[in-house]
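Peer 1: Here it is, the structure in full.
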Amino acid sequence: MSSLRHRLWLHREPGAVLHGLIRRALMSVAWAHNLLLPVLRITDCGPELAEIAEIRERAVARTDICDHLVPLFVEALTVHPRLIVELGVRDSGESTFALERVAKLCGSPFVSVDIDDCSRASSWKNWTFVKTDDIEFARRFPEWCRAREIDPEIDVLFIDTSHLYDHTVQEISHWFPFLSQKAKVFFHDTNLRMFYFRQDKSMGLGWSGKRGVMAALEQYFGSKFDEKVSFTDSRKGWIIRHNARCNGFTILEKLHVSNGSGPRPHDS
């Protein structure tokens, strides 16, 4: 969640000042815990793909998504996407950094959408930033694509916006119709809680204990999921892979099975 959205959320919530003081105290707890941990150092000679080395270096900075940047890059790259859409950028552009490198390798159009001005998240000339509400943009997405001679079929969709249940339900409803048959969808913040832990055992402070994103996925799939543990499942023609670390990271991949005449996608 961007700092602006968090300030607006605090302003709307009763007891916002008290909440802010408590949050600062909890941040101090996380800071003290992390101070006792060794600093992660990259010592190997590096992978064949320079992009993985770049993303690993980026992921040394402890954030709520650092554990998932390399998987995001690798999983998106395997699709060899023709179009990448990112909903939610944040000022530091963490996911943008990883997806931009996929777009460069695959020659893919890369579009990012946020209600805040995140136009400085990337300086790559072929990256397009759209400052607007992502639901509103979805309604005019086909027309927007046609004006730029882009096929409005999304192969990689990354969602990291408000994390609110109603908003995420709308994102699924409005954006899933544009997914291609080989699409992968990435949801961040699918395991929100007071404190989260990274792979290096460091601690971070979550912004909300509500489970809006996972609840929206449960509504879509008609199933209950335990986001506190990592799992793999399949529902409605999708493979669902969930990583509980950081604030949670969930990947949906279209399921293909053989019917004797080659692979075919299930309906979603």
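Peer 1: Name the residues whose placed amide hydrogens come within less than 5 Å of the amide hydrogen of Leu179, ignoring near sequence neighbours (fewer than 5 apart) on the same chain.
Peer 2: Those lying under 5 Å, H to H, from Leu179 are Ile154.
Peer 1: Holding the Cα-Cα limit at 27 Å, pick out from Lys182/Lys210; Lys125/Lys184; Lys210/Lys236; Lys182/Lys224; Lys184/Lys228 the pairs that are longer than that.
Peer 2: Lys182/Lys210
Peer 1: Given the C-alpha centroids of the stretch 181-259 and the stretch 84-99, what is the distance between them in whole angstrom?
Peer 2: 18
Peer 1: Neighbour counts of other C-beta atoms within 10 Å: give me Met203, Met214 arranged from fewest to most.
Peer 2: Starting with the residue having the fewest Cβ neighbours, the order is Met203, Met214.
Values quoted throughout were computed directly from the atomic coordinates according to the rules given, and no laboratory measurement underlies them. Being a predicted model, the structure only gives us computed values, none of them experimental. No Cβ is skipped: glycine too gets one built from the backbone with ideal geometry, and neighbour counts run over all protein chains shown.
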